[in-house]
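K.L.:
What follows is a single structure, and I will ask about it in a moment.
The values are calculated or read from the model by the stated rules, or taken from the named source; none is laboratory data. All figures in this text were calculated on a predicted structure; none of them were measured in a lab. Here the Cβ positions follow ideal geometry from the backbone for every residue, glycine too, while neighbour counts run over all protein chains shown.
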Amino acid sequence: MSLYARAARHAWRMAGVVVLAVLLVVIVDRFYGHSTLAFAAAIMMLLVANAPMLRFNCPKCGKNAFFRGPFVVFWPNRVCTRCSEDLAAAPSQNR
Ligand SMILES: [Zn+2]
């Protein structure tokens with residue numbers, strides 16, 4: 001499976017986690033009143049779920065597929081922004 005395909009799958013998983021995190025905050029808000037603890041838990045959940053993102057690096061130059069310049073984007077790049085490697089074609093030897 002290509003780096004792009006795996007990164008895209010991660011992006012979908014993240015979208016699901018974001019929905020869950022929002023639901024968690026909304027539900028806790030509704031039943032227990034406003035809670036910073038629920039908010040903190042949601043943030044932690046997002047951080048933990050998003051940690052694998054850092055492993056989606058270009059096999060050629062090591063640039064992360066989720067970065068466009070200094071910016072982090074929600075969807076991975078199909079083509080590496082630094083060396084123009086086609087991330088959707090080559091299967092990655094990513095660890
Ligand atoms: Zn590259």
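K.L.:
Filter region 79-95 down to the residues that are within 11 Å of R6 (Cα to Cα) and away from the ligand (no atom under 12 Å from the Cβ), then identify the one that is modelled with the lowest pLDDT.
P.N.:
So the first thing to find is which residues in region 79-95 are within 11 Å of R6 (Cα to Cα), and the list is 87-88, 91-92, 94.
Now narrow it down to the ones that are away from the ligand (no atom under 12 Å from the Cβ): 88, 91, 94.
Values: A88: 93, P91: 69, N94: 49.
My answer is N94.
K.L.:
Any idea which of G33, G62 is within 16 Å of the ligand (Cβ to nearest atom), at positive phi, modelled with pLDDT under 95 and not aliphatic (A, V, I, L, M)?
P.N.:
None of the others qualify; the one that does is G62.
K.L.:
Okay, moving on. How do the pairs read when you match residues in region 61-90 that are closer than 16 Å to A8 by Cβ and touching a residue at least 24 places away in the same chain (Cβ under 8 Å) with residues anywhere that are more than 12 Å from the ligand (Cβ to nearest atom) and in a strand (DSSP E or B), using Cβ under 8 Å and keeping only pairs 6 or more apart or on different chains?
P.N.:
F66/V72; N77/R68; L87/S2; A88/S2; A89/S2; A90/S2
K.L.:
Restrict the check to region 19-40 and report whether at least one residue is assigned to a helix (DSSP H, G or I) and under 10 Å from the mean Cα position of the chain (by Cα).
P.N.:
Within region 19-40 (the criterion being assigned to a helix (DSSP H, G or I) and under 10 Å from the mean Cα position of the chain (by Cα)), the answer is no, since none of the residues qualifies.
K.L.:
So which residues in region 29-50 are over 19 Å from V72 (Cβ atoms), surrounded by 10 or more Cβ atoms within 10 Å (Cβ to Cβ) and among the polar types (S, T, N, Q)?
P.N.:
S35, the sole residue that qualifies.
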